[in-house]
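Structure record follows, encoded as structure tokens.
The values are calculated or read from the model by the stated rules, or taken from the named source; none is laboratory data. On a predicted model such as this, the values are computed, not experimentally measured, just so you know. Positions of Cβ are generated from backbone atoms using ideal geometry, with glycine treated the same way; all protein chains shown enter the neighbour counts. What goes into the accessible areas is simple: the full protein's heavy atoms, side chains included, and nothing from ligands, DNA or RNA. Shrake-Rupley method; radii C 1.70, N 1.55, O 1.52, S 1.80 Å.
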Amino acid sequence: DYVVVKMIPDNRLPPRHLHSVHTGKTFAVIKWESPYDSPDQDMLYAVAVKDLVRKTDKIYKVKSRNSTVEYTIKKLEPGGKYHVIVQLGNMSKESSMKINTVPLSAPDALKIITENDHILLFWKSLALKESNFNESRGYEIHMFDSLMNITAYLGNTTENFFKVSNLKMGHNYSFSVQARCLYSGQMCGEPATLLYDELGTGEDSSAARSNRSTDVAAIVVPVLFLLLVTLGIGFVVLYMRHRRLQNSFTAFANSHYSSRLGSAIFSSGDDLGDEDDEAPMITGFSDDVPMVIA
């Protein structure tokens, strides 16, 4: 035997399992379940959205007979903070949660150009990829000095570049550019960060080391090539001179060679005078010629 019992619905119960399904820059999708299973009639919910930054409230009405209800909250602000309350329209017990919307993206292509006594930060307009960003909002720039361990606010601009002066040699800096923060710095965009060292590379450390290695290689390789070419030319010149001297000596030695003695005869030059320059040099005597001494 069995009996079927139908419980009397209690409309004073709060919605169950309130949670966020998806959060974007300007919207949030939330979901909850009815206070009891299988409602037999439409249920009216009140969705209150409190802006924790602007200190404003909005209330939306949602009617549904489903056990699971999904609702999209629109017209939110990027980087905002909200408190969401869901309850039945008869002001029963409530369920609540907090939502943080996605902030604006970081500016793209942040670059540094080094001048004589200052640097220039350049970046692409955020309005090119963010339809919710207005250039009149502008950007703000921060600088972090790793040597002093200090973060400084440099200012804001509505342009796509910013001039930075009075940098100290030997210091490493990190610059960040982001959509300007609103309402006392509570609603900011994501920052784009770039490392700048004392050499003014304007790149992160790994890229800086890579570029410096490339620059050094670009200088060292041509120098080594020139040195090798110079050494090669020097060896060729020395070799040619050596051959020329060797040939000259050989020709000179052959001109003074005596086939009878089997050797070359050279004069010391001490007994030679101006008047003897035209006299023939006596190189020796033949065995078949008698020597006569007066």
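Data table
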quantity: Solvent-free Debye scattering, log10 I(q)/I(0), computed from the Cα coordinates of the stretch 75-192 at q = 0.17, 0.21 Å⁻¹; calculated: -0.87, -1.16
quantity: Across Lys50/Lys129; Lys31/Lys81; Lys31/Lys61, pairs whose alpha-carbon gap is larger than 21 Å; calculated: Lys50/Lys129
quantity: Positive-end residue, the stretch 37-85 charge dipole about Cα centroid, Cβ charges, pick of Pro78, Leu44, Ser64; calculated: Pro78
quantity: Percent accessible area from carbon and sulfur atoms, the stretch 11-144, protein chains only, probe 1.4 Å; calculated: 49 percent
quantity: Mean Cβ count within 10 Å, highest first, over the residues of peptides 225-232, 33-40; calculated: 33-40, 225-232
quantity: Part-to-part distance (alpha-carbon centres) for the stretch 55-96 and the stretch 138-157, which is given in Å; calculated: 39 Å
quantity: Mean accessible surface per residue for the stretch 1-114, computed with a 1.4 Å probe while every protein chain stays in place, in Å²; calculated: 62 Å²
quantity: Lys, Arg +1 and Asp, Glu -1 on Cβ, resulting dipole of the stretch 66-196 about Cα centre, debye, nearest 20; calculated: 300 debye
quantity: 25 Å Cα-Cα reach of Lys6 towards lysines, excluding residues that sit fewer than 8 places from it in its own chain; calculated: Lys63, Lys93
quantity: Three semi-axes of the equivalent ellipsoid, the stretch 16-100, Cα gyration tensor, whole Å, largest first; calculated: 23, 13, 10
quantity: At R0 = 22 Å, FRET efficiency that the Cβ-Cβ distance of Asp51 and Val29 yields, to 0.05; calculated: 0.75
